[in-house]
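**Q** One structure, as C-alpha cells, below. Some questions next.
The values are calculated or read from the model by the stated rules, or taken from the named source; none is laboratory data. Computed from a predicted model, the values in this text were never measured in an experiment. Glycine gets a Cβ as well: all are built from the backbone with ideal geometry, and neighbour counts include every protein chain shown.
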Amino acid sequence: MKSSKKSTHDAEFNGQDCLNDAHWQKRGSYSRANAVFAVALLLLIVVANYVAAPPVRAQTSALESAISKSPNPELVGSLTKELSVSPEQATGGAGALFGLAKSRLSIEDFSKVSKAVPGMDGLLKAAPKPKSSSPLDSLASSLPGSAGGLASVASSFKSLGLSPGMAEKFVPVMTQYVQGKGGSGVASLLEGALK
C-alpha cells in the first residue's frame with residue numbers, strides 16, 4: 001500500500017517550479033558563479049603559497065647546509081632544533097663547554113668524552129676566544145656548582161650573541177648526546193665537569 005503523503009523532496013521535483021526553465025537557469029547560474037569563485041579562490045591560495053614557499057625552502061636549505069658543514073652535524077642539529085639557536089651559536093657554545101670540560105677533566109677522562117663526540121677538535125676550535133679575564137671572572141669560576149663553572153663560559157656565550165644563561169640549557173642536550181654515543185659513564189664525566 002502506497003502512502004498518500006508525498007515527501008517535500010517529491011513535491012519539489014513534481015511541483016510547477018521544477019518545470020519552469022527560468023528556475024533552473026537561475027539555479028544553474030548561481031551554482032556556476034559559486035564554482036568560479038571557489039576555483040579562483042583556490043588558485044589564489046596556490047599562487048600565494050608558491051610565491052611564499054621559495055624563501056622558506058631557501059632558509060631551510062641554508063640552515064641544513066650550515067649544520068652539515070659543522071664539525072658535528074648531529075650534535076649541532078640537536079642544539080639548533082631544541083634551543084632555537086643558529087648553527088654557528090650551537091657550534092661555538094658546544095665548543096666553549098667542551099673546552100671547559102677539557103680544562104676540568106683528566107686527560108684520560110676527557111679522551112673518553114672526546115671519543116664519543118666526532119669532530120671534537122673542530123668544536124673546540126669554534127669556541128670564541130675568551131676575552132681578557134677580569135677579577136670577577138676568576139671569582140665566578142671559583143664559585144661552587146654550576147654558578148661558578150658555567151660563569152667561566154659567559155663571555156664566550158655573550159660573544160656568540162647568547163645570554164650566559166643559555167649555557168645551562170646546552171648542558172642537558174650535550175650530555176644526552178654524549179650518553180647516546182659513549183654511554184652513561186662518559187655522560188656522567190661530562191655532566192660532572194660542567195657543574
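**Q** Might you check whether a residue that is at pLDDT 95 or above, in contact with a Phe, Trp or Tyr (Cβ under 6 Å, 6 or more places away or on another chain) and on the phi < 0 side of the Ramachandran plot occurs anywhere in segment 125-143?
**A** The answer is no, given that none of the residues of segment 125-143 is at pLDDT 95 or above, in contact with a Phe, Trp or Tyr (Cβ under 6 Å, 6 or more places away or on another chain) and on the phi < 0 side of the Ramachandran plot.
**Q** Considering only residues of segment 61-76 that are modelled with pLDDT under 95 and assigned to a helix (DSSP H, G or I), which is farthest from S152 (Cα to Cα)? Give the derivation first.
**A** Applying the first criterion (modelled with pLDDT under 95) to segment 61-76 yields 61-71.
Next, only the ones that are assigned to a helix (DSSP H, G or I) stay: 61-68.
Details: S61: 34, A62: 32, L63: 29, E64: 31, S65: 31, A66: 27, I67: 26, S68: 29 Å.
Within segment 61-76, the match that is farthest from S152 (Cα to Cα) is S61.
**Q** Sticking with this one: Could you list, in sequence order, the residues of segment 150-192 that are touching a Lys or Arg at 6+ places or on another chain (Cβ under 7 Å) and at pLDDT below 95? Reasoning before the result, please.
**A** To start, the set of residues in segment 150-192 that are touching a Lys or Arg at 6+ places or on another chain (Cβ under 7 Å) comprises 155, 164, 182, 186, 189.
If the condition is that a residue be touching a Lys or Arg at 6+ places or on another chain (Cβ under 7 Å) and at pLDDT below 95, then S155, P164 are the ones that fit.
**Q** Moving on. Looking at segment 77-86, which of its residues are touching a residue at least 24 places away in the same chain (Cβ under 8 Å) and within 20 Å of S159 (Cβ to Cβ)? Let's see the steps before the verdict.
**A** Restricting attention to segment 77-86, the residues satisfying the condition of being touching a residue at least 24 places away in the same chain (Cβ under 8 Å) are 78-79, 82-83, 85.
Listed by number, the residues that qualify are L79, L83, V85.
**Q** If you don't mind, there's one more thing I want to ask. Please verify whether segment 100-111 includes one or more residues that are among the acidic types (D, E) and either out of contact with any helix residue (DSSP H, G or I) (no Cβ under 9 Å at 6 or more places or on another chain) or under 17 Å from A154 (Cα atoms) (or both). Even if it seems obvious, please write down each step before you answer.
**A** The first filter runs over segment 100-111 and keeps only residues among the acidic types (D, E), leaving 108-109.
Checking the rest, the ones that are also either out of contact with any helix residue (DSSP H, G or I) (no Cβ under 9 Å at 6 or more places or on another chain) or under 17 Å from A154 (Cα atoms) (or both) come to 108.
Yes, that holds for at least one residue.
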